[in-house]
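Colleague: This is the structure I have questions about; it appears just below.
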Amino acid sequence: MKITAPHLGNVYLAAKALFDGLEIDYIMPPLSNKSAIEIGSLYSPEEICLPFKIMVGNYIQAIEKGADTVIIPGSCGPCRFGEYGEMQMNLLNKLGYDLEFILIDSPGDIGIKELFNRIDRISTKSNKSGRQKIKVLSDAIKIMNLIDKIEGEARYLTGYEEEKGKCKKILNSCIREALKCNNPQEMIQVLKEYEMELNNIKLDKSKNPVKIAIIGEIYTIIEPFSNLYIEDKLMDYGVSTQKKLTPSWWVKNMALSPVKLNSLDIKNAGKEYLSIGVGGHGRECIGEAVLAHENGFDGAIQIFPMGCMPEIVSKAILPTISKDKDFPIMSLIVDEMTGEAGYVTRIEAFVDLLERRKVDALSWS
């Protein structure tokens with residue numbers, strides 16, 4: 001078995017640690033790039049959303065490197081993500097690839113027993129004992145939590161750093177060093193060292209940086225290539241950012257969804273504007289916008305792929321929240337044709353707007 005999975009933010013670090021620990025060959029696709037989107041766009045239905053196309057590109061690039069087993073994230077939800085599994089398997093079969101597919105759905109959709117059966121198809125290829133497998137899985141989840149925490153802190157502390165670019169330098173170095181590790185324990189140690197380094201950087205607490213919440217469809221906010229590396233750009237501008245939807249959040253949310261205890265804070269925050277699920281993470285987008293205002297952020301940027309039905313619903317509601325709360329919200333729609341120049345111009349204009357509002361607020365106080 002030579003297994004692969006699509007890129008979903010920093011999940012590839014946890015995946016590498018998991019399969020290294022299980023001693024299963026893991027073929028990591030190249031980080032999502034222009035070639036991936038070109039390949040995905042060539043073979044995917046024209047109207048399908050951007051995440052589908054990039055994932056297909058990830059799969060094919062990994063298959064060309066020798067992968068014979070593909071993990072496909074899936075769902076039975078009302079948005080098009082619910083069709084990904086069957087469509088991607090059919091597409092790859094029609095292209096003539098001889099593959100084994102392991103579709104990972106939410107336990108709320110397929111039941112916990114069936115989810116474990118599918119996961120067992122992976123673990124049975126490992127010679128590790130049952131106890132060792134559980135330990136490796138636990139370590140992989142710990143790695144996911146650690147890297148999400150490090151990234152979140154680095155992107156938020158950027159606005160307060162004394163040495164410009166220090167947080168970004170630490171974050172990039174952390175990811176590079178983590179990729180060099182050959183087992184989960186080694187990776188955990190590296191991540192803890194960088195977490196400590198990040199906690200010890202010199203901060204200027206007198207600064208009052210622009211703070212922006214990143215909200216929207218989960219794939220396009222956690223997979224940097226899909227959003228044209230917006231968080232890196234905002235770090236360069238000295239903006240503090242925060243996003244609640246991360247891979248570690250998704251795991252916790254998926255685990256709690258069968259008992260309806262998932263994301264209660266986000267749901268409660270947005271229930272005045274959207275009290276029911278509309279598929280994808282449309283409901284979460286609304287709750288996050290309200291929470292961002294309550295937590296003192298200066299504005300929010302919604303990012304979603306062209307044609308994403310749940311986020312289109314959210315986009316229609318966000319102007320009401322913006323007006324009610326006097327809280328600027330900008331929506332960015334991405335697809336394979338998105339031009340970087342116009343995209344960056346809109347981001348810079350939004351940051352300028354928030355900076356002027358802060359200056360005006362100070363002058364009136």
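Colleague: For the range 172-245, rounded, prolate or oblate, judged on the Cα gyration tensor with a ≥ b ≥ c (square roots of eigenvalues), a/c < 1.5 rounded, else prolate if a/b > b/c?
Modeller: Here the range 172-245 falls in the oblate category.
Colleague: Taking a ≥ b ≥ c as the square roots of the Cα gyration tensor eigenvalues, with a/c under 1.5 meaning rounded and otherwise prolate when a/b beats b/c, else oblate, which class fits the range 157-291?
Modeller: Details: a/c = 2.15, a/b = 1.40, b/c = 1.53.
Since a/c reaches 1.5 but b/c is at least a/b, the shape of the range 157-291 is classed as oblate.
Colleague: Would you work out which of 278, 72, 190 lies farthest towards the positive end of the dipole of the chain? Charges go on Cβ: Lys and Arg +1, Asp and Glu -1.
Modeller: Positive-end residue among those listed: 190.
Colleague: Ok, one more. Considering the alpha-carbon set of the range 223-335 alone, what are its Rg and its Dmax in angstrom?
Modeller: When restricted to Cα atoms, the range 223-335 yields Rg and Dmax of 14.0, 42 Å.
Colleague: Using a/c under 1.5 as the rounded threshold, could you call the range 285-351 rounded, prolate or oblate? The axes a ≥ b ≥ c are square roots of the C-alpha gyration tensor eigenvalues, and prolate needs a/b larger than b/c, oblate otherwise. Mind showing how you got there, number by number?
Modeller: On the way: a/c = 2.51, a/b = 1.37, b/c = 1.83.
Because a/c hits 1.5 or more and a/b fails to exceed b/c, the range 285-351 counts as oblate.
Colleague: What number comes out for accessible area per residue over the chain if the probe is 1.4 Å? Units Å², please.
Modeller: 47
Colleague: Express the Stokes-Einstein translational diffusion coefficient of the range 205-246 in µm² s⁻¹, to the nearest whole number, given a Kirkwood radius over alpha-carbon pairs, 20 °C and a viscosity of 1.002 mPa s.
Modeller: Rounded to a whole number, D works out at 195 µm²/s.
Colleague: State the Cα centre-to-centre distance between the range 304-365 and the range 36-105 in whole Å.
Modeller: Computed from Cα coordinates, the inter-centre distance equals 31 Å.
Colleague: How much of the accessible area of the range 1-133, probe 1.4 Å, is carbon plus sulfur, in whole percent? Write down the numbers at each step before the final one.
Modeller: Numbers: 3020 of 6050 Å².
With neighbouring chains kept in place, the figure for the range 1-133 is 50 percent.
Colleague: Hull surface divided by four, with the convex hull built on the Cα atoms of the range 210-286: how many nm²?
Modeller: 5.6
Colleague: Then there is this: What base-10 log of the normalised intensity I(q)/I(0) is obtained for the range 77-227 from the Debye formula, alpha carbons as equal point scatterers, at q = 0.16, 0.17, 0.18 Å⁻¹?
Modeller: With one equal scatterer per Cα and no solvent, log10 I(q)/I(0) is -1.13, -1.18, -1.22.
Colleague: Any chance you could give the angle, 0 to 90 degrees and rounded to 10, that helix 340-364 forms with the longest Cα principal axis of the chain?
Modeller: Between the helix axis and the principal axis of the chain, the angle is about 40 degrees.
Colleague: Percent antiparallel among DSSP beta bridges with both residues in the chain, to the nearest 5?
Modeller: For the chain, the DSSP antiparallel bridge percentage is about 5.
Colleague: Let me ask another. If I take every Cα pair under 8 Å that is 6 or more residues apart in the range 1-125, average their sequence separation and divide by the length, what percent do I get for the relative contact order?
Modeller: Averaging sequence separation for qualifying contacts and normalising by length gives 25 percent for the range 1-125.
Colleague: Here's something else I'd like to know. If packing is taken as the mean number of other Cβ atoms within 10 Å per residue, what is the order of 238-245, 48-55, 83-90, highest first?
Modeller: In descending order of packing, they fall as 48-55, 238-245, 83-90.
Colleague: If the only charges are +1 at each Lys and Arg Cβ and -1 at each Asp and Glu Cβ, what is the size of the charge dipole of the range 182-303 around the Cα centre, to the nearest 20 debye?
Modeller: Numbers: 13 positive and 16 negative charges, 78 e Å.
That gives the range 182-303 a dipole magnitude of about 380 debye.
Colleague: Using only Cα atoms and rounding to the nearest 10 degrees, what angle (0 to 90) does helix 282-294 make with the longest principal axis of the chain?
Modeller: The angle comes out at about 40 degrees.
Colleague: Now for a different question. Relative contact order, percent, of the chain when contacts are C-alpha pairs under 8 Å separated by at least 6 residues?
Modeller: Details: 571 pairs, mean separation 63.4, N = 365.
Computed value for the chain: 17 percent relative contact order.
Colleague: Another question, then. Given Cα pairs under 8 Å that are at least 6 residues apart, what percent is the relative contact order of the range 54-173?
Modeller: RCO, the range 54-173: 16 percent.
Colleague: What percentages make up the Cα-Cα pair-distance distribution of the chain when the bins are 10 Å wide from 0?
Modeller: 5, 23, 33, 27, 10, 2, 0
Colleague: Quick one: Debye curve from the alpha-carbon atoms of the range 11-98 only, equal weights, vacuum; give me log10 I(q)/I(0) at q = 0.24, 0.25 Å⁻¹ to two decimals.
Modeller: Values returned for q = 0.24, 0.25 Å⁻¹ are -1.30, -1.36.
The values are calculated or read from the model by the stated rules, or taken from the named source; none is laboratory data. Just so you know, these numbers come straight off a predicted model, no measurement behind them. Positions of Cβ are generated from backbone atoms using ideal geometry, with glycine treated the same way; all protein chains shown enter the neighbour counts. SASA here: full protein model, heavy atoms, side chains in, ligands and nucleic acids out. Shrake-Rupley method; radii C 1.70, N 1.55, O 1.52, S 1.80 Å.
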